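Novice: Before I ask anything, let me first share the structure, which is written out below as structure tokens.
The values are calculated or read from the model by the stated rules, or taken from the named source; none is laboratory data. Computed from a predicted structure; not experimentally measured. Using ideal geometry, Cβ is built from the backbone for each residue, glycine included, and neighbour counts are taken over all protein chains shown.
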Amino acid sequence: MSTTRLHPRASVCDLCKDELPFEIPADVYKGFVTGNVVLFVGAGVSTESAKVLPFKLYDDICRELEILPERGVPFPDVMSTYCAEPNGRANLLRKIKDRLDYIHSFPTLHRKAIAFHRELSTVPTIENIVTTNWDTFFEQECGATPFVTAEDFAFAEIPGRKVFKIHGSIDSYGSIVATRQDYEACYERLSTGLLGSKLKVLLATKTVVYIGFSFSDDDFIRIHTALTAEMRGLRPHSYIVSLHKSIPKDLQEKGLTQILTDGTFFIHKIKERMVADEHMLSDNRFDAVETMLEKVLNHHEHLSNVSASKYPDVIFGMCYQDGLIDSLERTLALAKAGKYSAPAVLLKTIETYEVKILPEKEKIELFYLFQNNIRSKVISNNQIVEGTFQDPILSSDQQKSMNNKIESSKLEYWYANHLFVYGIQDVKDSSNTSHKFFFINKLSAP
């Protein structure tokens, strides 16, 4: 699943010429290992990368306004000039959307635009990403939940991978930050609002790495200043991954150290070391999962053609394959969120399957648990009916709560055509306080 291409160092390949060797700072590596790191990501590793398209949105707008990009007019000022024209704001939003759609319509361009996101996706310890990008690549490729508005930030403590979109999202036109007026309002929110408060806490407690920004990007400099101005001597040391040959002195004075290399390659090398130190599993394992899934599906199809009435043992094989297929498909579905790249977490998710059989006169019903769902198969008239019954395990308290989980569960015989399921449930109330309950439910064959 790794997207970084490693060619000989003397290569002039456009894809890897910027993959410059570098030393990983100790505090940066420790931050990745422990999850004590925040990534600030700009458009330089997304749609505005020169590897995606030879011209940027900024160049396109300057061309329409007959402004020479070489003049270096700040981005928000160019956008303000464009939006001052009749229907300017609507036309700008349309241009942004068209550019993203154009990139998405060409698989080669799209793969280049999401290369960084795909490389980052499997790092299991990454939970907090801050971006000025409008695209939805972190949501789609990294399984991150977007936080865009002040209302969203009220729920920022909910567990899981999050992307804080401080310049808005293309999914919400009204949130887009583009003009000088938009930028000033954004800086105000960062300085005094709920968004700024949340980000300042992150900056004060975690190692910060900026990726995809230019040293000449006035917005990047103001964002960093707005979020760290109050910290004075407590300002954390931050890093910026950039291909610019030297970092300006004023940025050094703001507590920034440069890592001279490509952003995607930087993540690749971090992962390489984490794999070597056994802090995460190699992405290559997911290729093996895909191969195994294809093999199991083929065997499952062959086994389904075997007569269950003539060879009853085939039932156990089918049930085992069902569980294996479910597990492999889930592994691939959640790989992008880093769920199955942490060895310790993966070991906790391994489950064994115990099948309960309820024979009746004209059919046989089989029940088993998978991911805290009750699943079944029915064999009737020499036919195996798959997925006839699937319900989540619920207690009365769980039905009232959205923030809970089943920690363990077990399925057992009771009497006649009845089974019972029991286990431990962790329920969080409105104040986010955790309560553990033992539950037991009756299950009757339909």
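Here's the yes/no breakdown for (1) of a type outside the set (Lys, Arg); (2) modelled with pLDDT under 95; (3) surrounded by 15 or more Cβ atoms within 10 Å (Cβ to Cβ); (4) on the phi < 0 side of the Ramachandran plot:
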position: Pro54; (1), (2), (3), (4): yes, yes, no, yes
position: Glu64; (1), (2), (3), (4): yes, yes, no, yes
position: Phe75; (1), (2), (3), (4): yes, yes, yes, yes
position: Arg94; (1), (2), (3), (4): no, no, no, yes
position: Asp101; (1), (2), (3), (4): yes, no, no, yes
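Novice: Could you check Leu347 against (1) modelled with pLDDT under 75; (2) in a loop (DSSP other than H, G, I, E, B) and say which number it fails?
Specialist: If we test Leu347 against (1) modelled with pLDDT under 75; (2) in a loop (DSSP other than H, G, I, E, B), just (2) comes out false.
Novice: Taking region 126-139, which residues are farther than 24 Å from Arg273 by Cα, aromatic (Phe, Trp, Tyr) and part of a helix (DSSP H, G or I)?
Specialist: The answer is Phe137, and nothing else.
Novice: Moving on. Which condition does Asn298 not pass, out of (1) modelled with pLDDT under 90; (2) over 30 Å from Glu272 (Cα atoms), if it passes all the others?
Specialist: Among (1) modelled with pLDDT under 90; (2) over 30 Å from Glu272 (Cα atoms), the lone unmet condition for Asn298 is (1).
Novice: Which of (1) surrounded by 15 or more Cβ atoms within 10 Å (Cβ to Cβ); (2) at positive phi does His300 not meet, given it meets every other one?
Specialist: Unmet for His300, out of (1) surrounded by 15 or more Cβ atoms within 10 Å (Cβ to Cβ); (2) at positive phi: (2).
Novice: Okay, next question. For region 160-185, which residues satisfy the criterion of being charged (D, E, K, R), without any contact (Cβ under 8 Å) to a residue 60 or more places away in the chain and farther than 26 Å from Lys339 by Cα?
Specialist: Glu184, the sole residue that qualifies.
Novice: Could I ask something else about it? I'm trying to understand the selection: among the residues of region 77-90, which are surrounded by 19 or more Cβ atoms within 10 Å (Cβ to Cβ) and more than 23 Å from Phe213 (Cα to Cα)?
Specialist: Passing the criteria: Tyr82, Cys83.
Novice: Only one of these conditions is not met by Ser282: (1) outside any loop (DSSP other than H, G, I, E, B); (2) over 17 Å from Asp18 (Cβ atoms); (3) modelled with pLDDT of 90 or more. Which number is it?
Specialist: Failing condition for Ser282: (1).
Novice: Any residue in region 40-58 that is in a helix (DSSP H, G or I), over 30 Å from Ala342 (Cβ atoms) and of a type outside the set (A, V, I, L, M)?
Specialist: Yes: region 40-58 contains one or more residues that are in a helix (DSSP H, G or I), over 30 Å from Ala342 (Cβ atoms) and of a type outside the set (A, V, I, L, M).
Novice: Restricting attention to region 99-110, which residues are assigned to a helix (DSSP H, G or I) and farther than 14 Å from Thr136 by Cα?
Specialist: Result: Tyr102, Ser105, Pro107, Thr108, Leu109.
Novice: Out of (1) among the basic types (Lys, Arg); (2) part of a helix (DSSP H, G or I); (3) touching a Leu at 6+ places or on another chain (Cβ under 8 Å), what's the single condition that is false for Lys30?
Specialist: So Lys30 meets the others, but not (3).
Novice: Also, quick follow-up: Scan region 6-27 and give yes if some residue there is at pLDDT 90 or above and part of a helix (DSSP H, G or I), otherwise no.
Specialist: Among the residues of region 6-27, at least one is at pLDDT 90 or above and part of a helix (DSSP H, G or I), which makes the answer yes.
Novice: Assess whether Val123 counts as being outside any helix (DSSP H, G or I), modelled with pLDDT of 95 or more and touching a Lys or Arg at 6+ places or on another chain (Cβ under 7 Å).
Specialist: Here the answer is yes, as Val123 does meet what is asked.
Novice: Can you find a residue that is of a type in the set (D, E, K, R) and over 20 Å from Ser175 (Cβ atoms) anywhere in region 88-106?
Specialist: no
Novice: Would you be able to tell me the number of residues in region 292-340 that are assigned to a loop (DSSP other than H, G, I, E, B) and either more than 31 Å from the chain's Cα centre (by Cα) or free of Cβ contacts under 8 Å to residues at least 24 places away in the same chain (or both)?
Specialist: 9
Novice: Also: Which numbered condition trips up Asp152, out of (1) in a loop (DSSP other than H, G, I, E, B); (2) touching a Pro at 6+ places or on another chain (Cβ under 8 Å)?
Specialist: Asp152 satisfies every listed condition except (1).
Novice: Something else now. Out of (1) in contact with a Leu (Cβ under 9 Å, 6 or more places away or on another chain); (2) modelled with pLDDT of 95 or more, what's the single condition that is false for Phe266?
Specialist: In the conditions (1) in contact with a Leu (Cβ under 9 Å, 6 or more places away or on another chain); (2) modelled with pLDDT of 95 or more, Phe266 misses (1) alone.
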